[in-house]
DNA sequence: CCTACCGATCGGTAGG
DNA sequence: CCTACCGATCGGTAGG
């Protein structure tokens, strides 16, 4: 008889990770026991330890797998569309939203549970996140050099990430509104907002309400 | 000797809550032990239980206290400025950001740890959150009736909350960029974005990239 | 307000 | 002698 050799080892590993991600997202990493994971997977706890060294390794794989796919997305868009920065950023936003739709559990885990990892793993994952933020900040700096020069490209990128990343708290699967269907609205809000935003050094920061143009008038193309 | 009678009971309660909120925000609710809280407060664990029935009560007080202040903010703005919806919404955003600046721990706890509360407490807090969302959605519906009629006023409100609520992940205290100084940028991004956003029923949702106007041209006032 | 504990459950691993 | 697991239980620590 031929030796079966680790049957579907990689398949099992992936199945366990999907399962663990769902539980971590629901009950939190610390609030989920290895026994919970085992039961949900239909496996014994010792079997879990055959596939993963410990609980932390599961967490690290879930978070890093997700952020790695985001980095790949960033790099593929950078490679594919050397052209207009606006089209590139819009493609980035839309692809991110499609990715998020299929990775909601992993995304919540990345957001809320990475803090429980040992420093080495945490830093490795944070560095990949920084890589993603930088890509967005660069695109924003190209669209609005004044904002970039004022050092506000990253803050604006983070505000954009806020719109998109916060969606996991309220956009539930199975409803009519989906990640894909809301993408154009997100892009509209952001691109029109970015085009209209006042330059930081124009002095209006000290008197936020007094200086706003009426929203019913056409937004300024760009300040000064 | 006169009995001191509950000295500074309420003061101690508040001090413990501040302390606990900082720990919960840092290590998570489940990841924080009552002993951690006791040590950080400079109290014994049994003393903690003199001020709070159990760990859940601390969590509930932190989260509900924060969201209650947000509801009060909403109601005070509704009472004070019966006038222009845009000015009211801008005031709401700015006051929220100022509140967030002083309640970053509580805000993180509200965001990440309410799920660990018993259903009764959780629902009570969620209802207050819904009250806040509705106020924002109403203001947005007044500014863009077409978006309101399409049922997108709440989604747009949630996108706005995303920008603002996500800030706790990246805006660290002690830097030059503060909640107050970024408020005008947030308002600009949102109001110009809202003014330019295409109406949902205009058909562009099926072809997101093809239909966008160039961001360099002036945004449309409003669709059709 | 402390030391000393409890019932239970944690993450991880023994023998078979 | 290997990989792939099971039932049972380890030493420590959680909330109370």
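The values are calculated or read from the model by the stated rules, or taken from the named source; none is laboratory data. Nothing here was measured: the structure is a model prediction, and the numbers come from that model. Ideal geometry is used to build each Cβ from the backbone, glycine not excepted, and the neighbour counts take in all protein chains shown.
Please enumerate the residues belonging to segment B:171-193 that are more than 7 Å from chain A (Cβ to nearest Cβ) and assigned to a helix (DSSP H, G or I).
Hits for segment B:171-193 are B:179, B:180.
Exactly one residue among A:74, A:37 is within 16 Å of DNA strand D (Cβ to nearest atom), more than 14 Å from chain B (Cβ to nearest Cβ) and crowded, with 20+ Cβ neighbours inside 10 Å, and that residue is A:37. Could we say that residue A:207 is facing chain B (nearest Cβ under 7 Å) and either in contact with a strand residue (DSSP E or B) (Cβ under 7 Å, 6 or more places away or on another chain) or at pLDDT below 95 (or both) here? So residue A:207 fails the test. Considering only segment A:111-170, state which residues are more than 11 Å from every other protein chain (Cβ to nearest Cβ) and not in a helix (DSSP H, G or I). A:117, A:118 - these are the residues of segment A:111-170 that are more than 11 Å from every other protein chain (Cβ to nearest Cβ) and not in a helix (DSSP H, G or I). Restricting attention to segment B:26-36, the residues being part of a helix (DSSP H, G or I), more than 21 Å from the chain's Cα centre (by Cα) and away from DNA strand C (no atom under 11 Å from the Cβ) number 1. Check whether at least one residue in segment B:87-95 is surrounded by fewer than 18 Cβ atoms within 10 Å (Cβ to Cβ) and in contact with a helix residue (DSSP H, G or I) (Cβ under 8 Å, 6 or more places away or on another chain), and report yes or no. Yes: segment B:87-95 contains one or more residues that are surrounded by fewer than 18 Cβ atoms within 10 Å (Cβ to Cβ) and in contact with a helix residue (DSSP H, G or I) (Cβ under 8 Å, 6 or more places away or on another chain).
What's the total number of residues in segment A:57-89 that are assigned to a helix (DSSP H, G or I) and over 15 Å from the mean Cα position of the chain (by Cα)?
First, pick out the residues of segment A:57-89 that are assigned to a helix (DSSP H, G or I): A:57-80, A:85-89.
Keeping just the survivors that are over 15 Å from the mean Cα position of the chain (by Cα) gives A:57-61, A:76-80, A:85-88.
The number of residues fulfilling the criteria is 14.
Determine whether residue A:43 is surrounded by 15 or more Cβ atoms within 10 Å (Cβ to Cβ) and within 10 Å of DNA strand C (Cβ to nearest atom). The answer is no for residue A:43. With respect to residue A:14, is the statement that it is farther than 24 Å from residue A:180 by Cα, over 19 Å from the mean Cα position of the chain (by Cα) and within 16 Å of DNA strand C (Cβ to nearest atom) true? Answer is no for this residue. Among the residues of segment B:77-101, those identified as in contact (Cβ under 8 Å) with a residue 24 or more places away in the chain and away from chain A (no Cβ under 14 Å) are B:78, B:99, B:101.
Can residue B:39 be described as out of contact with any helix residue (DSSP H, G or I) (no Cβ under 7 Å at 6 or more places or on another chain), assigned to a helix (DSSP H, G or I) and over 21 Å from residue B:142 (Cα atoms)?
In short, yes.
Conditions tested, residue by residue: (1) at pLDDT 80 or above; (2) surrounded by fewer than 16 Cβ atoms within 10 Å (Cβ to Cβ); (3) closer than 25 Å to residue B:145 by Cα; (4) in contact with a helix residue (DSSP H, G or I) (Cβ under 9 Å, 6 or more places away or on another chain).
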residue: B:182; (1), (2), (3), (4): yes, no, no, yes
residue: B:186; (1), (2), (3), (4): yes, no, yes, yes
residue: B:198; (1), (2), (3), (4): yes, no, yes, yes
residue: B:202; (1), (2), (3), (4): no, yes, yes, yes
residue: B:216; (1), (2), (3), (4): no, yes, no, yes
residue: B:219; (1), (2), (3), (4): no, no, yes, yes
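With the condition kept exactly as written, say whether any residue in segment A:43-56 is away from DNA strand D (no atom under 16 Å from the Cβ), part of a helix (DSSP H, G or I) and within 14 Å of chain B (Cβ to nearest Cβ). Within segment A:43-56, not a single residue is away from DNA strand D (no atom under 16 Å from the Cβ), part of a helix (DSSP H, G or I) and within 14 Å of chain B (Cβ to nearest Cβ). Applying the set (1) surrounded by 15 or more Cβ atoms within 10 Å (Cβ to Cβ); (2) away from DNA strand D (no atom under 13 Å from the Cβ); (3) in contact (Cβ under 8 Å) with a residue 24 or more places away in the chain; (4) part of a helix (DSSP H, G or I) to residue A:23 leaves exactly one unmet item: (3).
Check whether at least one residue in segment A:90-105 is away from DNA strand D (no atom under 16 Å from the Cβ), outside any helix (DSSP H, G or I) and more than 15 Å from the chain's Cα centre (by Cα), and report yes or no. Can you show your working first?
From segment A:90-105, those away from DNA strand D (no atom under 16 Å from the Cβ) are A:90-105; that's our starting set.
Still in the list and also outside any helix (DSSP H, G or I): A:103.
Of the ones still in play, those that are also more than 15 Å from the chain's Cα centre (by Cα) are none.
No: zero hits.
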